[in-house]
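A.B. asks: For reference, the structure I am asking about is given below.
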Amino acid sequence: MQTIIQKVYEFIKNNNLIEPGDRVLVSVSAGKDSMALLHILHTLRKQLGCSLAIYHCDHKVRGYASFEDLLFVLHEASRYGIGAFIEQYNFVTKKEQGKSFEQQAREYRYARLHAIAMHYGYTKIATAHTKSDQVETILMRIFQGTGLSGLQAIALKRENIIRPLLVLSQDEVYAYLQHNRLKYRHDHTNDDTTYLRNFIRLSVIPHLQQRFPHHDRALINLQKQAQDAVQSINDLMQTLYPGFILYESGYIKVQEKAIAHSQYIFKFYCSYIISNYLKKYVSTDILDALYKAHKSKKKNVTLFVGKGVYVYRRYFDATPYLIFSSDPLVMGDSN
C-alpha cells in the first residue's frame, strides 16, 4: 500500500494542503474513511512536519452504538498517542426547525471544529471526504437542481479546511484498511436509503456503473470544469468591479449593480455567496424569490428570509448593496 501513501503525500504537497509546522485537527467519525485518513496522516506526520489531534462528536442518535463509536475513537487516540476532543450532542432533543438531521449535524460539527481550532491553535482542519463522496455530491446537486457554483461540489480546501483523501476512491480506502488491518466502526444509518446520499450511493450509482463504467471520471471532469468556469467569472468580475464583495463582521456585503447585469449573473452570485460563505443549501426557490425581490425599487428592504438565509438591500453613500447573513440583522425597513 506504499503507492496509496505516496499518492496522498504527493496530493498534499502538490496542493499545499499541509505545510511544515501545521497543527492538524482531524475530524474522525470512527468510520472507514476517517480511520484511513487518521492512519495516513499519522504515518506521514514526520515527512509533512505536522502534528495531529482528533475531534469526534457523538450525535446520540443510535443509542449505545454511537457511544461505542466514541469509546473506539478514544482508544484509537490513545493508541496513536495523540490528543482528542470528544463531545456528545443530542440532536434528537435539540432539533432545529427547518433543518434535516444531516444539515444540522454538519453545521454543528464544522462550527465546533472551527471553534476548537481557533481556541487551541490548530492551523488546519482535515476531513475524510473521498473521490467517491465527490461523485455522490455532484449527482445529489444535479438531481436537486444546482447551478454552476453547486457543480463545484466539495472543495479541496476552503479557509483552513483540507480534504487530503479526495484523490482516493472508496475501493482504494477499503484496500488500504484491509492491507493495514485497520479497525473501524460501521454506522448502520449509512444503509438507510431514506437519506439522499445513501440512496445515491446504494441505489443510483450501481446502475450507473453498469451502463457507464467511467461515470466517475466524467463527473469529476464536469466538477473541475465548473471550478475553472467559476474562477474565470470571479476573475473577470474583480477586474470590472474591484472589491465588489466585501466581508464584514457577521455578514457579506455585495455591490448590487455589479451583479445586476443579467438574471444569470445575479443568481450565480447569490448562489455562490450563500453556499460558499453562509454555508447553506441553495435551492432554485431561494434564487427565484431573491431575483423577484431584487427587481423592486424600494431602497432599504428585506429581500429574503428563510432556511437560515437573510438578505437585505441597504444604501451606503447612495450606492445599493445586498447584505447576506446567516443570522437576522437589526435593520429597519423602509416599508
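The values are calculated or read from the model by the stated rules, or taken from the named source; none is laboratory data. Keep in mind it's a predicted model, so treat the numbers as computed, not measured. Cβ: placed from backbone, ideal geometry, glycine included. Neighbour counts: every protein chain shown. Note: accessible area is taken over every heavy atom of the protein model, side chains too, but ligands, DNA and RNA are not part of it. Shrake-Rupley method; radii C 1.70, N 1.55, O 1.52, S 1.80 Å.
A.B. asks: Looking only at residues in region 23-68 that are in a loop (DSSP other than H, G, I, E, B) and under 21 Å from the mean Cα position of the chain (by Cα), which one is farthest from K131 (Cα to Cα)? Explain how you work it out, then say what you get.
C.D. replies: Initially, region 23-68 is screened for residues in a loop (DSSP other than H, G, I, E, B), giving 28-31, 49-50, 59-63.
Next, only the ones that are under 21 Å from the mean Cα position of the chain (by Cα) stay: 28-31, 59.
Numbers: V28: 18, S29: 18, A30: 19, G31: 16, H59: 25 Å.
Across region 23-68, the extreme among qualifying residues is H59.
A.B. asks: Can you tell me how many residues within region 5-57 are open to solvent by less than 10 Å² (accessible area, probe 1.4 Å) and touching a helix residue (DSSP H, G or I) at 6+ places or on another chain (Cβ under 6 Å)? First the steps, then the outcome.
C.D. replies: Going through region 5-57, the residues open to solvent by less than 10 Å² (accessible area, probe 1.4 Å) turn out to be 8, 12, 17-18, 24-26, 28, 30, 34-38, 40-41, 44, 48, 53-56.
Still in the list and also touching a helix residue (DSSP H, G or I) at 6+ places or on another chain (Cβ under 6 Å): 8, 18, 25-26, 28, 30, 36, 40, 44, 54-56.
Total satisfying the criteria: 12.
A.B. asks: Starting from region 96-124, keep only residues that are farther than 30 Å from E19 by Cβ and touching a residue at least 24 places away in the same chain (Cβ under 8 Å), then list their pairs with residues that are part of a helix (DSSP H, G or I) and open to solvent by 40 Å² or more (accessible area, probe 1.4 Å) whose Cβ atoms are within a distance under 8 Å, requiring at least 6 positions of separation or different chains.
C.D. replies: Going by the 8 Å Cβ cut-off, the qualifying pairs are K99/E107; E102/R197.
A.B. asks: For region 158-169, indicate whether the set of residues that are more than 30 Å from R79 (Cα to Cα), open to solvent by less than 40 Å² (accessible area, probe 1.4 Å) and in contact (Cβ under 8 Å) with a residue 40 or more places away in the chain is non-empty.
C.D. replies: no
A.B. asks: Of everything in region 134-153, what is under 15 Å from the mean Cα position of the chain (by Cα) and open to solvent by 20 Å² or more (accessible area, probe 1.4 Å)? Give them in sequence order. Give the derivation first.
C.D. replies: Going residue by residue through region 134-153, those that are under 15 Å from the mean Cα position of the chain (by Cα) are 134-138, 140-141, 149-153.
Residues satisfying the conditions are M140, R141, L151, Q152.
A.B. asks: Scanning for something at pLDDT 95 or above, part of a loop (DSSP other than H, G, I, E, B), buried (at least 17 other Cβ atoms within 10 Å of the Cβ) and of a type outside the set (D, E), does region 104-127 turn up at least one residue?
C.D. replies: Yes, region 104-127 contains a residue that is at pLDDT 95 or above, part of a loop (DSSP other than H, G, I, E, B), buried (at least 17 other Cβ atoms within 10 Å of the Cβ) and of a type outside the set (D, E).
A.B. asks: Tally up the residues in region 294-327 that are in a loop (DSSP other than H, G, I, E, B) and more than 25 Å from the chain's Cα centre (by Cα), please. Outline the logic, then answer.
C.D. replies: Our first condition is that a residue be in a loop (DSSP other than H, G, I, E, B); within region 294-327, this holds for 295-300, 307-308, 317-318, 326-327.
Adding the requirement that they be more than 25 Å from the chain's Cα centre (by Cα) leaves 295-300, 317-318.
Qualifying residue count, region 294-327: 8.
A.B. asks: To continue, here is another question. Which residues, taken from region 84-103, are under 16 Å from G63 (Cβ atoms), within 21 Å of the chain's Cα centre (by Cα) and not in a loop (DSSP other than H, G, I, E, B)?
C.D. replies: Taking region 84-103 as the starting set, the residues that turn out to be under 16 Å from G63 (Cβ atoms) are 88-93, 101.
If we keep only those that are within 21 Å of the chain's Cα centre (by Cα) too, we end up with 89, 91, 101.
Across region 84-103, the qualifying residue is only F101.
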